[in-house]
Amino acid sequence: MADLQSQDYIRRSATTLTPPSARSHEDQVAKLIDVTRCIGCKACQAACMEWNDLRSPVGEFTGSYDNPHDLDPHTWTLMRFTEHETDDGNLEWLIRKDGCMHCEDPGCLKACPAPGAIVQYANGIVDFISAHCIGCGYCVAGCPFNIPRISKVDHKSYKCTLCSDRVEVGLEPACVKACPTGAIMFGSKADMTDWAGDRIDDLKSRGYQNAGLYDPPGVSGTHVMYVLHHADKPSLYAGLPDDPKISPAVTFWKGLIKPVALAGVALAAVSGFLHWVIAGPNEVQPEDEAEAEHLLAAERSKKDGDNRYNADKPA
Amino acid sequence: MASLAPTFGRGAMTNTWQDIKNANVVVVMGGNAAEAHPCGFKWVIEAKIENGAKLIVIDPRFTRTASVADYYAPIRPGTDIAFLSGVIRYLLEKDKIQHEYVRAYTNASLIVKDGFSFADGLFSGYSEDTHSYDKSSWDYELDDQGFAKIDDTWQHPRCVINLLRQHVARYTPEMVSRICGTPQDKYLHICDTLAATSAPDKAMTSLFALGWTQHSIGAQNIRTMAMVQLLLGNIGVAGGGMNALRGHSNIQGLTDIGLMSDQMPGYLTLPHENETTFEDYMKTRQFKPLRPNQISYWQNYKKFMVSFQKSFYGNAATAENNWAYDWLPKLDVPLYDIIRAFEMMNKGAMNGYICQGFNPLQAFPDRGKIRRGLSKLKFLVTMDPLDTETSRFWEDFGPQNPADSASIQTEVFQLPTSCFAEENGSLVNSTRWLQWHWKAAEPPGEAKSDIWIMSGIYHRMREMYRKEGGAFPDPILNLSWDYTDPTNPDPEELAKDMNGRARVDLKDESGAVTLKAGQLLDGFGQLRDDGTTESGCWVFSGSYTEQGNQMARRDASDPREQGIAPNWAWAWPANRRILYNRASADLEGNPWNPEKPIIRWSGTKWVGIDVPDYGPTVKPSDSIGPFIMNAEGVGRLFARDMMAEGPFPEHYEPFESPVPNVLHPKVRSNPAARVFPDDMAAFGTAPEYPFVATTYRLTEHFHYWSKHALINAILQPEEFVEIGEVLANEKGIAQGSWVRVSSKRGHVVCKAYVTKRIKPLTVDGKPTHVIGVPIHWGFTGQARKGYGANTLTPSVGDANTQTPEFKAFLVNVESVKGPEV
């Protein structure tokens, strides 16, 4: 959401230059989601829709309270409900607010080939800069949490911004503001970690021996953390990754292939320029559009299986 | 509220939302606070985190509240009295009661009349013909002075505590489990947790809502827990209480202002037709103390009543015309409730209906009957900010509203009103706070305030009465209507009316003027019965004084951080935040829990963080009880004649139930309930409709309103029912597939949510399945069209309030291909 004037980037996609980072003295922030005091009311979802002006279509009921059914370009956060039977036969209804985890080592940013389309601020927030996004979907592949969604309307990638626009002016994210039970908190990462410790002590005193903080080291920690009753089994919570890591393909791309690929991109640009000089501009013909749509549809149906793309259904 | 007043004296939530944080145990039963009151629920979370509280949830379904509970137990819908009577038995048997409290602050020691009895499901005095009781034996034995006899050694076989012990003896853990389907070990674990709060410095709060009220025995459900709380010494104390969580932002205000057919503002009651004179009327409203020295505050009834009549009729109400008593309507039946209203419409006995802020086609039971009733009207006026189903009842919306428009002659006037955010005014929240709010936007289009509309109707009616006379013009022609703009009284003017004024200079004993004529009263203590004061709603007196609008106060400071902010808005009565707070201190006036004191005796007066609910200088040694509204000064374990179906609660099955009443097969359901013959004929039986259904709300929606808002429609878009996995497997119902749920009265076709959160219960040895039916969808608004849960529900109400039995009835369910088109 932030613009190019921001002076507090610490990372910028597909850029080898070190960002100016004039405000790198900023505190690292974190959102702490205490699933053990969350009642699944969806106030956070409503607040996110209000603040960011997002409206998914009115959907259907398909057998759970998860509505909409998945993250999509209009749904940046989503309550996911899991009915879990414990070994002793008791039921737990595990409710997790899903959304971008704002990794300290963001796989999306590493994977992104578009310069400046994904940035990380000094406070740790990972943000998508739509103006630079080329809709290639590499961020989707790069994300270990299956978060970004590409819009079929404007072909840009979307996800939670951690309300970077609010945080920038000293406000908490909209979801935090709306949460009625204080299950979502926001502050410095140190304070949130500290508070989580108190919560975990309380949970242990209530018999949750495996209570703990989810701040996965595989992505060097996250700026969205969870307090879990079952920190030993994060995947119980609607498939929260037990040990998230950036895909080796992205690491490979980042480390070795990317410079070569970028050279390729540059070469293509030069060739394109020469083509334009020599042969004039390419005009997009209706049949090209149709072909592109066809390809996109095929791509969608392929990806629908793992829910990474969600259609912008007409309202 | 029809059970809290008979027990404690006032029909309202006893404590504050914020006070919930002081609890050691929070029990949510007969409600789903996290689901229905997510904002208030923060205080439950606060109690857990800051006070180490345990949260116990007892519910037919594993709810959103259960998802954060420390302990959950299932229960069959409609069996809460059996469960809680078992808890009372447990407390008495294990001697886990707060002895000093029970002895001094309840009627445990009072002796009941010899004629009182209970056998085979019926209390003494029952008449088969009228389905009602002669309650004369449901009272205390009185001495020569008219005081109740007492035995505080509890030796007398007919003292209340012994009668109670005898009454609950049948509710053994085996019996509770047999009726409720709750596994015995879970039930006993809960008994044990609750019992721990009998310690004087421990408190339990009971949070409940429609899960208790919406039964044919609703008021008694609440009363049973009220009795548990008295035995545990949990009323009047911080973190305790009976906390009725109100379902509308202003439903407490509705009750306070007396918007029921048998009520007037401030819990004054409308006369019955046999009370032909004011003298007759006052005869049964003396409230003479039943124990020596008791405050029995309702002794002031005449002051409230006369001041109300003066507020209504001004100079036209005089001592000579008995304060215009004859102009009051007189009831010929106990209650003109909504079930009766629709019965009358169906019988052609009610031809016109003004439906203000109400959507009965969605909200009331047996939707087919509601639609048939509306179809027989000559006219229907709806006043609502939204396009309600009721106002469109005549239109064919397909299977969700199959109306034959051509055959309906009802003329419908749809008057759009402003909503609360488009006008100034006050709302009374659950915890009795009158909070002023300010207009935030202009109403859209042609919408007008309810005040403007009602004023217009009034002026036109008055004009017609003036010109044409009519059968009885006096009440309309003499009405006092002294407003700056008579066509649109200002909400502040109405608020001042309710607070009340002096009509002459009021003087104290020395003759000094305390309040000049026309000045606003400081409180109801200034009301008089000689026509020199007026007040439109005595309990609100003090809310708008010469010092200004007290409801508009916004000082959140909370001296002890104990959840009492005395300068935030204004609470009735007299800005007291915790009712019966005298009971938070022991007999000497020292707090039972020194860590969380509310008031204490300083040696000369009561001091503390709340306004004493007691005489401010009444000495502890005067033996005046803490329940000052009750004539005996104490809380009632035995409710005397104040409940329709008995002074002690008894388990009666819902009118549609899968099992017999194992306690007394001949008296299966509430014997004092009123059931109209057509409604009786529309009850189903278990062979046809084998499953227990219960209806409820979801967090994503507010009743039938929020489906008009796009975000809420997105968050919960479509009608569904919740079915346990075991039943779904038996019936071949797949997750998310279409089902048809039917009762004797109609059917809905909607999606199935197959869930682990509803498990079959073993009731009387047989497996019993529960089906959950959320209520929110209809045929107007932005969400998908739905049939509405009340297509299924039975038209029978609680015997005291006629609140419909939405929470327990019978249905069948089957898998179907898809919606009928």
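Below are the figures for this structure:
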item	result
Considering residues of the stretch A:69-95 that are without any contact (Cβ under 8 Å) to a residue 60 or more places away in the chain and part of a loop (DSSP other than H, G, I, E, B) only, the residue nearest to B:Glu700 (Cα to Cα)	A:His69
Qualifying residues in the stretch B:416-434 (those that are among the polar types (S, T, N, Q) and in a strand (DSSP E or B)) - the one nearest to B:Met454 (Cα to Cα)	B:Thr417
Test result for A:Val277, touching a Lys or Arg at 6+ places or on another chain (Cβ under 8 Å), at pLDDT 65 or above, of a type in the set (A, V, I, L, M, F, W, C) and farther than 30 Å from B:Gly52 by Cβ	no
Selection count, the stretch B:693-734, where residues are more than 8 Å from chain A (Cβ to nearest Cβ), touching a Phe, Trp or Tyr at 6+ places or on another chain (Cβ under 8 Å) and aromatic (Phe, Trp, Tyr)	0
Any hit, the stretch B:321-328, residues being over 17 Å from B:Leu268 (Cα atoms) and outside the structural domain of B:Leu386 (by TED's automatic domain parsing)	yes
Test: residue in the stretch A:162-171 that is of a type outside the set (Ser, Thr, Tyr), in contact with a helix residue (DSSP H, G or I) (Cβ under 6 Å, 6 or more places away or on another chain) and surrounded by fewer than 23 Cβ atoms within 10 Å (Cβ to Cβ)	no
Matching entry among B:Gly531, B:Gly470, B:Gly500 (being under 18 Å from B:Gly266 (Cα atoms), over 30 Å from the mean Cα position of the chain (by Cα) and either of a type outside the set (A, V, I, L, M, F, W, C) or surrounded by 17 or more Cβ atoms within 10 Å (Cβ to Cβ) (or both))	B:Gly531
Selected residue (only one of B:Val87, B:Val68 is out of contact with any Cys (no Cβ under 6 Å at 6 or more places or on another chain) and either surrounded by 24 or more Cβ atoms within 10 Å (Cβ to Cβ) or in contact (Cβ under 8 Å) with a residue 12 or more places away in the chain (or both))	B:Val68
Filter result (within 14 Å of chain A (Cβ to nearest Cβ) and more than 20 Å from A:His84 (Cα to Cα)) within the stretch B:742-770	B:Val748, B:Val749, B:Cys750, B:Lys751
Test: residue in the stretch A:105-127 that is more than 8 Å from chain B (Cβ to nearest Cβ), among the acidic types (Asp, Glu) and in contact (Cβ under 8 Å) with a residue 12 or more places away in the chain	yes
Sole residue being within 11 Å of chain B (Cβ to nearest Cβ), farther than 15 Å from A:Val140 by Cα and not hydroxyl-bearing (Ser, Thr, Tyr), chosen from A:Asn90, A:Asn52	A:Asn90
Any chance B:Gly778 is away from every other protein chain (no Cβ under 14 Å) and among the small types (Gly, Ala, Ser)	yes
Positions within the stretch B:781-797 being in a loop (DSSP other than H, G, I, E, B) and either under 14 Å from B:Pro399 (Cβ atoms) or more than 14 Å from chain A (Cβ to nearest Cβ) (or both), in sequence order	B:Arg784, B:Lys785, B:Gly786, B:Tyr787, B:Gly788, B:Leu792, B:Thr793, B:Pro794, B:Ser795, B:Val796
Residue check for B:Asp610: crowded, with 21+ Cβ neighbours inside 10 Å and assigned to a helix (DSSP H, G or I)	no
Matching residues in the stretch B:798-818 - criterion: being in contact with a helix residue (DSSP H, G or I) (Cβ under 7 Å, 6 or more places away or on another chain) and either in a loop (DSSP other than H, G, I, E, B) or surrounded by 21 or more Cβ atoms within 10 Å (Cβ to Cβ) (or both)	B:Asp798, B:Asn800, B:Thr801, B:Gln802, B:Thr803, B:Pro804, B:Lys807, B:Val813
Residue tally, condition under 22 Å from B:Gly218 (Cα atoms) and surrounded by fewer than 22 Cβ atoms within 10 Å (Cβ to Cβ), over the stretch B:770-797	2
Condition check for A:Glu85: under 30 Å from B:Ala73 (Cα atoms), out of contact with any helix residue (DSSP H, G or I) (no Cβ under 9 Å at 6 or more places or on another chain) and at the interface with chain B (Cβ under 10 Å from one of its Cβ atoms)	yes
Meets criteria (out of contact with any strand residue (DSSP E or B) (no Cβ under 8 Å at 6 or more places or on another chain) and either within 14 Å of another protein chain (Cβ to nearest Cβ) or more than 23 Å from A:Gln45 (Cα to Cα) (or both)) for A:Gly137	no
Single residue of the stretch A:192-213 satisfying the filter (away from chain B (no Cβ under 13 Å) and in contact (Cβ under 8 Å) with a residue 60 or more places away in the chain) that is farthest from A:Asn123 (Cα to Cα)	A:Ala211
Whichever residue in the stretch A:55-80 is facing chain B (nearest Cβ under 8 Å) and more than 24 Å from B:Ile723 (Cβ to Cβ) and, among such residues, is surrounded by the most Cβ atoms within 10 Å (Cβ to Cβ)	A:Ser56
In the stretch B:299-338, the residues that are buried (at least 22 other Cβ atoms within 10 Å of the Cβ) and among the basic types (Lys, Arg)	B:Lys310
Among (1) part of a loop (DSSP other than H, G, I, E, B); (2) closer than 15 Å to B:Leu328 by Cα; (3) in contact with a Ser or Thr (Cβ under 8 Å, 6 or more places away or on another chain) - the single one B:Ser307 does not satisfy	(1)
Residue satisfying all of: in the stretch B:706-759; more than 29 Å from the chain's Cα centre (by Cα) and among the charged types (D, E, K, R); surrounded by the fewest Cβ atoms within 10 Å (Cβ to Cβ) among these	B:Glu730
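The values are calculated or read from the model by the stated rules, or taken from the named source; none is laboratory data. No experiment lies behind these values; they were computed from the predicted model shown. Counting neighbours? That spans all protein chains shown, and the Cβs are built from the backbone with ideal geometry, glycine included.
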